[in-house]
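Structure, as structure tokens:
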Amino acid sequence: MLTYWAERAWLEGPEGPGPAESVAIETAEGRITSVITGVPPAGATILRGLVLPGLANAHSHAFHRALRGRAHDRGGTFWEWRSRMYALAGRLDPDSYFRLARAVYAEMALAGITCVGEFHYLHHAPGGRPYSDPNAMGHALTAAAAEAGIRITLLDALYLTGGFGEPLDGVQRRFGDGGLDAWMNRVDKIEAAPHVAVGAAVHSVRAVPEAAIAAFARSGDGRPVHVHVSEQPAENAACRAEHGCSPTELLERCGLLGPDTTAVHATHPTEHDLELLRRSGTTVCLCPTTERDLADGIGPARAMAEAGIPLTLGTDSAAVIDMFEEARAVEMHERLVSQRRGHFTTAELLAAMTGHDSLGWSDAGRIAPGRRADLVAVALDSTRTAGIAPDGILHAASAADVTDVVVDGRRVVADGRHTAIDAAAELAETIAELWT
Ligand SMILES: [Zn+2]
């Protein structure tokens with residue numbers, strides 16, 4: 001048994017969620033066993049600042065981290081960025097994929113992320129040839145998460161076409177399994193581990209034909225399913241030309257929407273799309289720092305929240321790995337669009353930052369007895385946060401203010417340092433190697 005004592009902790013109190021003072025959190029075997037406010041118990045590990053539940057990064061492509069600061073040419077579009085990303089994807093092998101992901105997941109741990117939803121599509125060797133372990137790339141990711149000390153939901157993506165009715169081309173051949181059955185056979189062989197949940201993904205309506213999406217949906221067995229939806233207007237236009245409907249309408253027609261499904265982005269939905277998402281209980285994962293980095297546009301976050309659509313957040317292309325910045329961007333982008341302030345409460349944004357449900361870990365995301373012992377201490381005395389009211393933390397803190405992180409009862413970050421990995425050194429070394 002291990003007891004933590006938090007100066008302040010974010011609890012779901014009788015008067016609603018908010019910061020409570022002087023909170024003793026007892027843990028055993030990776031779970032919280034009791035939460036009591038009062039004086040610090042003898043021998044407790046002290047966590048200063050404000051302790052939040054573990055943060056969930058619901059949408060990541062870890063290898064995109066190697067593009068950060070390297071793809072900002074004047075006049076570029078999403079599609080030009082994608083060609084740069086494909087060049088990077090062409091260089092990775094299981095060893096470099098593992099080393100890069102290990103450093104990226106350490107960066108996530110340092111930012112207070114205790115679980116990542118890794119949307120994984122780089123499956124095979126160049127040309128599409130399977131590795132001797134056909135899940136060598138996926139296993140590189142799960143091993144990387146283990147070493148970084150965070151949980152992972154491996155959202156293995158079905159990827160069959162290079163565009164509507166087009167064969168896979170060039171580096172895309174590394175993404176494809178040739179058909180749904182071959183993809184299922186491979187995904188069935190992904191090794192289980194206590195820190196791993198195996199989910200599934202349809203890359204997008206561009207990358208999977210309608211019949212295969214429908215068959216995929218029929219094979220659903222309750223695991224989390226993620227799908228990129230309406231990130232770019234060009235995707236909507238191409239879908240209308242091919243299928244006579246929006247991407248969301250196509251997914252509904254195929255039976256893919258539902259409470260186990262997360263639509264990633266949904267930046268350009270129609271009113272009808274929002275109604276379909278709401279009615280089906282589908283979650284939407286917003287990735288605002290990527291959406292602005294790639295000039296995707298601003299999704300209608302408040303309209304989604306008003307409709308009762310559950311929202312989560314993801315770092316997607318890793319242009320930024322900072323869930324505070326993602327949450328703040330949801331509010332700030334809405335202000336820019338509406339020219340009005342104050343759209344989301346701190347509790348709403350924190351709920352989006354802790355969307356472990358959408359990754360298949362419904363027992364995480366709250367500081368309460370029986371929940372996974374995921375704790376994130378955020379400094380209230382840094383130059384950024386000094387003097388703020390604790391419930392204003394999402395308007396002041398950044399990932400750099402995270403001082404201590406506990407994942408499933410294990411201390412992964414202590415005093416602002418990862419306990420096992422020098423993330424900055426490993427990122428610098430691995431990324432330099434990839435670009436030489
Ligand atoms: Zn993505």
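Scanning region 216-252 for residues that are small (G, A, S) and either within 14 Å of the ligand (Cβ to nearest atom) or open to solvent by less than 30 Å² (accessible area, probe 1.4 Å) (or both) yields A217, S230, S246. Taking region 416-433 as the range and being part of a loop (DSSP other than H, G, I, E, B), open to solvent by 60 Å² or more (accessible area, probe 1.4 Å) and out of contact with any strand residue (DSSP E or B) (no Cβ under 9 Å at 6 or more places or on another chain) as the test, only D422 passes. Residues being of a type in the set (A, V, I, L, M) and part of a loop (DSSP other than H, G, I, E, B) are entirely absent from region 243-252. Listed here are the helices (runs of 4 or more DSSP H) enclosed by region 268-355 that have at least 3 residues being closer than 20 Å to V402 by Cα and not hydrophobic (A, V, I, L, M, F, W, C): 323-338. Residues that are open to solvent by 40 Å² or more (accessible area, probe 1.4 Å), under 28 Å from H64 (Cα atoms) and within 16 Å of the ligand (Cβ to nearest atom) do not occur anywhere in region 258-267. Listed here are the strands (runs of 3 or more DSSP E) enclosed by region 3-91 that have at least 1 residues being farther than 22 Å from L154 by Cα and not assigned by TED's automatic domain parsing to the domain that holds L313: 16-28, 31-37, 45-53. Looking only at residues that are buried (at least 24 other Cβ atoms within 10 Å of the Cβ) and away from the ligand (no atom under 16 Å from the Cβ) in region 114-141, which one is nearest to R411 (Cα to Cα)? So, considering only residues that are buried (at least 24 other Cβ atoms within 10 Å of the Cβ) and away from the ligand (no atom under 16 Å from the Cβ), the one nearest to R411 (Cα to Cα) is T114.
Filtering region 202-215 down to residues that are hydrophobic (A, V, I, L, M, F, W, C) and more than 16 Å from the ligand (Cβ to nearest atom), which residue is least open to solvent (accessible area, probe 1.4 Å)?
Taking region 202-215 first, the residues hydrophobic (A, V, I, L, M, F, W, C) are 202, 205, 207-208, 211-215.
Checking which are more than 16 Å from the ligand (Cβ to nearest atom) leaves us with 211-215.
Numbers: A211: 77, A212: 17, I213: 0, A214: 20, A215: 28 Å².
My answer is I213.
Restricting attention to region 179-201, which residues are under 13 Å from D156 (Cα atoms), outside any helix (DSSP H, G or I) and open to solvent by 10 Å² or more (accessible area, probe 1.4 Å)? Across region 179-201, the qualifying residues are D188, K189, I190, E191, V196, A197, V198.
The values are calculated or read from the model by the stated rules, or taken from the named source; none is laboratory data. Bear in mind that the values here come from a model prediction, so they are computed numbers and not experimental data. Positions of Cβ are generated from backbone atoms using ideal geometry, with glycine treated the same way; all protein chains shown enter the neighbour counts. Note: accessible area is taken over every heavy atom of the protein model, side chains too, but ligands, DNA and RNA are not part of it. Shrake-Rupley method; radii C 1.70, N 1.55, O 1.52, S 1.80 Å.
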